[in-house]
1. Report, by residue number, each residue of region 126-135 that is open to solvent by less than 20 Å² (accessible area, probe 1.4 Å) and in contact with a helix residue (DSSP H, G or I) (Cβ under 9 Å, 6 or more places away or on another chain).
2. When region 78-110 is examined, which residues are found to be closer than 19 Å to residue 157 by Cα, of a type outside the set (Ser, Thr, Tyr) and out of contact with any strand residue (DSSP E or B) (no Cβ under 6 Å at 6 or more places or on another chain)?
3. Answer yes or no as to whether residue 198 is among the β-branched types (Val, Ile, Thr), exposed (fewer than 15 other Cβ atoms within 10 Å of the Cβ) and in contact with a helix residue (DSSP H, G or I) (Cβ under 9 Å, 6 or more places away or on another chain).
4. Looking at 19, 31, 24, can you tell me which residue is among the charged types (D, E, K, R), over 22 Å from residue 160 (Cβ atoms) and in contact with a Phe, Trp or Tyr (Cβ under 8 Å, 6 or more places away or on another chain)?
5. Condition test on residue 138, is it in contact with a strand residue (DSSP E or B) (Cβ under 8 Å, 6 or more places away or on another chain), farther than 21 Å from residue 15 by Cβ, modelled with pLDDT of 95 or more and surrounded by 18 or more Cβ atoms within 10 Å (Cβ to Cβ)?
6. Considering every residue within region 142-155, establish whether at least one is in contact with a strand residue (DSSP E or B) (Cβ under 7 Å, 6 or more places away or on another chain), under 20 Å from residue 69 (Cβ atoms) and among the charged types (D, E, K, R).
7. Does residue 56 satisfy the condition of being on the phi < 0 side of the Ramachandran plot, out of contact with any helix residue (DSSP H, G or I) (no Cβ under 7 Å at 6 or more places or on another chain) and surrounded by 15 or more Cβ atoms within 10 Å (Cβ to Cβ)?
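The values are calculated or read from the model by the stated rules, or taken from the named source; none is laboratory data. This one's a predicted model, so the numbers in the text were calculated from it and none came from an experiment. Here Cβ is always computed from backbone atoms with ideal geometry, including for glycine, and neighbour counts include all displayed protein chains. Remember, those area values only see protein heavy atoms, side chains included, never the ligands or the DNA or RNA. Shrake-Rupley method; radii C 1.70, N 1.55, O 1.52, S 1.80 Å.
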Amino acid sequence: PVMFGQLHLMPIICDFLDDYPKVDVQLKLQDHVINLLEEHIDIALRIGHLKDSGLYAVKVGQVKQVTCCAPAYADANGVPNTPEEVSNFTTITTNTQSEMSTWRYQRNGKEQNVKLKCRFKVSDNNAAVQAAIRGQGLTQRMSYQVSDGIRAGTLVRVLKDFENEPLPVNLVHLAGRKANARTKQFIEYAAEKLRDNIALNAD
């Protein structure tokens, strides 16, 4: 994913290039799943439960969808106590495909979908995060996208008791044990650093 790559993979790749000067890297950031074989990709990072696709996976963490807003917005408007109350608040979304957006929560072990009309729609995840930090309303983002803001206090997490289960984050590749030395080297290198990343340990 684009924002994940910018925030969490770019630093690792830069360190890898410094440590292994004879290895070249081409990074593709895309917010949709691609076919590794058709696109000639050695390694991909995937968020979510993997389908049985013949890929070899190395789990490096987990993330989840979280709802958050700026402290100033919460002070001025309060925060929702239940998913149903979200529709009473100003919201920010990246869904530009339809008039209504759906945010997902969990209650008593069952998924609950909340439809809402958003006041501010953007086409970029980072823009949604920045709008929330500037006090424009609630947004629902992946935890890795807002973890820095939550730790810094520029965002506050709401409806934590209604969040869905975490999604696994995996490095995936096709070759398995037959992977070439450079591929194995990068997977080991990146996996260690990603597992130490607090943003990939969603609770």
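1. So in region 126-135, the residues open to solvent by less than 20 Å² (accessible area, probe 1.4 Å) come out as 128-129, 131-132.
Matches in region 126-135: 128, 129, 132.
2. Step one: list which residues in region 78-110 are closer than 19 Å to residue 157 by Cα, which gives 78-94, 102-107.
Then drop every residue that is not of a type outside the set (Ser, Thr, Tyr), which leaves 78-81, 83-86, 88-89, 92, 103-104, 106-107.
Of everything in region 78-110, those that are closer than 19 Å to residue 157 by Cα, of a type outside the set (Ser, Thr, Tyr) and out of contact with any strand residue (DSSP E or B) (no Cβ under 6 Å at 6 or more places or on another chain) turn out to be 78, 80, 81, 84, 85, 88, 106, 107.
3. Working: among the β-branched types (Val, Ile, Thr): yes; exposed (fewer than 15 other Cβ atoms within 10 Å of the Cβ): yes; in contact with a helix residue (DSSP H, G or I) (Cβ under 9 Å, 6 or more places away or on another chain): yes.
The answer is yes for residue 198.
4. Details: 31 fails: in contact with a Phe, Trp or Tyr (Cβ under 8 Å, 6 or more places away or on another chain); 24 fails: in contact with a Phe, Trp or Tyr (Cβ under 8 Å, 6 or more places away or on another chain).
Result: 19 is the single residue among 19, 31, 24 that is among the charged types (D, E, K, R), over 22 Å from residue 160 (Cβ atoms) and in contact with a Phe, Trp or Tyr (Cβ under 8 Å, 6 or more places away or on another chain).
5. Working: in contact with a strand residue (DSSP E or B) (Cβ under 8 Å, 6 or more places away or on another chain): yes; farther than 21 Å from residue 15 by Cβ: yes; modelled with pLDDT of 95 or more: yes; surrounded by 18 or more Cβ atoms within 10 Å (Cβ to Cβ): yes.
Here the answer is yes, as residue 138 does meet what is asked.
6. Taking region 142-155 first, the residues in contact with a strand residue (DSSP E or B) (Cβ under 7 Å, 6 or more places away or on another chain) are 142-144, 146, 150, 155.
In the following step, the residues that additionally are under 20 Å from residue 69 (Cβ atoms) were identified as 142-144, 146, 150, 155.
If we keep only those that are among the charged types (D, E, K, R) as well, we get none.
No: zero hits.
7. Working: on the phi < 0 side of the Ramachandran plot: yes; out of contact with any helix residue (DSSP H, G or I) (no Cβ under 7 Å at 6 or more places or on another chain): no; surrounded by 15 or more Cβ atoms within 10 Å (Cβ to Cβ): yes.
So residue 56 does not fit the description; no.
Here is a yes/no grid of residues against (1) surrounded by 18 or more Cβ atoms within 10 Å (Cβ to Cβ); (2) among the small types (Gly, Ala, Ser); (3) out of contact with any Lys or Arg (no Cβ under 6 Å at 6 or more places or on another chain):
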position	(1), (2), (3)
151	no, no, yes
155	yes, no, yes
158	yes, no, yes
165	no, no, yes
171	yes, no, yes
181	no, yes, yes
